[in-house]
Amino acid sequence: MAMCSTFYPRLSTHLNCKSFSLFPVKHRFFVSIKAFSSQTFAPKADDLPASIGFLGLGIMGNPMAQNLIKAGCDVTVWNRTKSKCEPLISLGAKYKSSPEEVAASCDVTFAMLADPESAADVACGKYGAAKGMGPGKGYVDVSTVDGETSKLICKHIRATGAHFLEAPVSGSKKPAEDGQLIFLTAGDSVLYEKAAPLLDIMGKSRFYLGEVGNGAAMKLVVNMVMGSMMASFAEGLVLSEKVGLDPSVLVEVISQGAISAPMYAVKGPSMVKSSYPTAFPLKHQQKDLRLALGLAESVSQPIPIAAATNELYKVAKSHGLSDQDFSAVIEALRVKLQQ
Ligand SMILES: NC(=O)C1=CN([C@@H]2O[C@H](COP(=O)(O)OP(=O)(O)OC[C@H]3O[C@@H](n4cnc5c(N)ncnc54)[C@H](OP(=O)(O)O)[C@@H]3O)[C@@H](O)[C@H]2O)C=CC1
Ligand SMILES: O=CC(=O)O
């Protein structure tokens with residue numbers, strides 16, 4: 001298989017789930033290593049799976065599949081709405097008319113679906129990917145789902161003799177376009193090793209977290225924090241407006257202090273202008289909060305901030321903001337102020 005010159009080798013962190021406290025250290029180590037664009041770490045073309053399937057070509061799936069194609073991979077795509085396959089076909093992708101056919105014709109198949117229901121259906125449904133799987137093949141689910149759904153998909157895939165890896169991503173539309181995602185993987189380590197060169201084309205780092213469910217849990221915890229951060233930021237912007245301050249100045253003040261975050265710097269200016277170009281749909285953020293609440297419930301852990309935050313995103317959904325960017329949650333607070 002041809003390897004594109006833009007292929008960028010990266011070093012992985014490979015830790016088990018008991019090593020959480022080591023992550024920041026390992027991750028910083030990883031970042032410093034990444035600065036060396038050394039061919040030493042580049043996998044040989046022979047190491048790459050020969051054919052790659054990609055199911056689900058939404059905001060995230062499209063650029064991820066594009067990056068694989070641009071890196072020279074042999075990619076076959078499927079999407080429920082067929083028209084979304086066209087741009088990828090014009091870049092050189094093949095097309096099959098069901099997840100089953102994609103899985104049957106590929107060594108490793110990725111799935112990037114909206115939610116637990118669609119992820120389970122595409123993997124385990126009537127013409128689902130599991131029907132086309134078998135020994136020697138691999139299924140990598142990069143959707144954000146709960147651990148139970150991931151385990152269900154894993155069971156169906158493994159029953160065919162194939163391997164399964166859950167690999168939800170941290171990072172939104174732009175990191176997906178730039179190949180800068182963070183993969184939170186768990187499952188069959190043999191597939192982790194096989195898929196690593198592909199993850200490295202689409203992402204900047206990868207964590208191997210052990211048993212299926214740990215990747216989903218890590219992703220839900222991260223997005224629980226992100227959703228609460230965004231809601232708190234939105235409250236700050238609305239309150240600053242209400243007391244006669246310039247919210248743009250608040251964005252600048254926050255950017256210079258200890259609570260600065262790339263997310264505030266990127267989203268703040270457009271939130272001030274009530275503009276919410278969709279990178280991460282609000283409905284998906286609310287889904288992640290709902291799933292995080294379920295995760296917390298399973299271990300009787302109180303998460304009152306996340307619970308209140310979830311209610312705010314539900315209000316935003318009820319105002320028709322589901323498909324806007326999740327920063328549109330601020331509108332739920334503006335509506336309340338007008339009542
Ligand atoms: N956007 C982001 O910033 C990030 C998103 N994620 C997660 O990644 C996943 C995908 O997100 P994103 O790309 O933004 O979402 P989109 O809503 O843009 O895409 C969702 C994809 O799922 C497909 N789909 C939905 N329902 C079904 C179904 N019943 N059967 C088959 N296919 C279905 C859609 O197909 P169709 O085109 O036909 O509608 C589409 O391909 C989600 O789990 C999300 O939480 C993770 C990190 C960042
Ligand atoms: O899941 C969303 C993200 O930005 O990460």
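The values are calculated or read from the model by the stated rules, or taken from the named source; none is laboratory data. In this text, all values refer to a predicted model and were calculated from it rather than measured experimentally. Cβ placement follows ideal geometry from the backbone for every residue including glycine, while neighbour counts extend to all protein chains displayed.
Brief remarks follow.
- A count restricted to region 186-223 and to residues that are charged (D, E, K, R) and not in a helix (DSSP H, G or I) stands at 4.
- Residues that are under 30 Å from residue 297 (Cα atoms) and either modelled with pLDDT under 95 or within 16 Å of ligand 1 (Cβ to nearest atom) (or both) do not occur anywhere in region 95-103.
- The set of residues in region 321-339 being closer than 24 Å to residue 266 by Cβ and part of a loop (DSSP other than H, G, I, E, B) consists of 321, 322, 323, 324.
- Only one of the numbered conditions (1) under 21 Å from residue 163 (Cα atoms); (2) touching a strand residue (DSSP E or B) at 6+ places or on another chain (Cβ under 8 Å); (3) not aliphatic (A, V, I, L, M) is not met by residue 100, and that is (2).
- When the criteria are applied in full, residue 226 fails the requirement of being in contact with a strand residue (DSSP E or B) (Cβ under 6 Å, 6 or more places away or on another chain) and either assigned to a helix (DSSP H, G or I) or crowded, with 18+ Cβ neighbours inside 10 Å (or both).
- Within region 148-196, if we keep just the residues that are crowded, with 22+ Cβ neighbours inside 10 Å and on the phi > 0 side of the Ramachandran plot, the residue that is nearest to ligand 1 (Cβ to nearest atom) turns out to be 179.
- Residue list for region 264-320, restricted to those being surrounded by 20 or more Cβ atoms within 10 Å (Cβ to Cβ), more than 22 Å from residue 147 (Cβ to Cβ) and aliphatic (A, V, I, L, M): 271, 282, 312, 316
- On the stretch given as region 108-147, residues that are surrounded by fewer than 18 Cβ atoms within 10 Å (Cβ to Cβ) and over 18 Å from the mean Cα position of the chain (by Cα) total 7.
- Test result for residue 201, in contact with a strand residue (DSSP E or B) (Cβ under 8 Å, 6 or more places away or on another chain) and not small (Gly, Ala, Ser): no
Table: residues versus (1) in contact (Cβ under 8 Å) with a residue 24 or more places away in the chain; (2) touching a helix residue (DSSP H, G or I) at 6+ places or on another chain (Cβ under 6 Å).
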residue: 192; (1), (2): yes, no
residue: 225; (1), (2): no, no
residue: 233; (1), (2): yes, yes
residue: 253; (1), (2): no, no
residue: 256; (1), (2): no, no
residue: 264; (1), (2): yes, yes
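- Residue in region 185-208 that is away from ligand 2 (no atom under 16 Å from the Cβ), in the same structural domain as residue 147 (by TED's automatic domain parsing) and touching a Lys or Arg at 6+ places or on another chain (Cβ under 6 Å) present: yes
- If you go through region 83-100 and keep only what is over 19 Å from residue 48 (Cβ atoms) and touching a helix residue (DSSP H, G or I) at 6+ places or on another chain (Cβ under 6 Å), you end up with 95, 96, 99, 100.
- Search result, residues across region 94-107 that are buried (at least 23 other Cβ atoms within 10 Å of the Cβ) and of a type in the set (A, V, I, L, M, F, W, C): 102, 103, 106
- Conditions (1) surrounded by 22 or more Cβ atoms within 10 Å (Cβ to Cβ); (2) in contact with a Pro (Cβ under 6 Å, 6 or more places away or on another chain); (3) of a type outside the set (Asp, Glu); number of the one not met by residue 240: (1)
- Applying the condition of being more than 28 Å from the chain's Cα centre (by Cα) and among the small types (Gly, Ala, Ser) to region 204-256 and asking which residue is nearest to ligand 1 (Cβ to nearest atom) yields 248.
- Residues that are surrounded by fewer than 23 Cβ atoms within 10 Å (Cβ to Cβ) and charged (D, E, K, R), drawn from region 197-208: 204
- Residues within region 110-160 that are hydrophobic (A, V, I, L, M, F, W, C) and in contact with a His (Cβ under 8 Å, 6 or more places away or on another chain), tallied: 5
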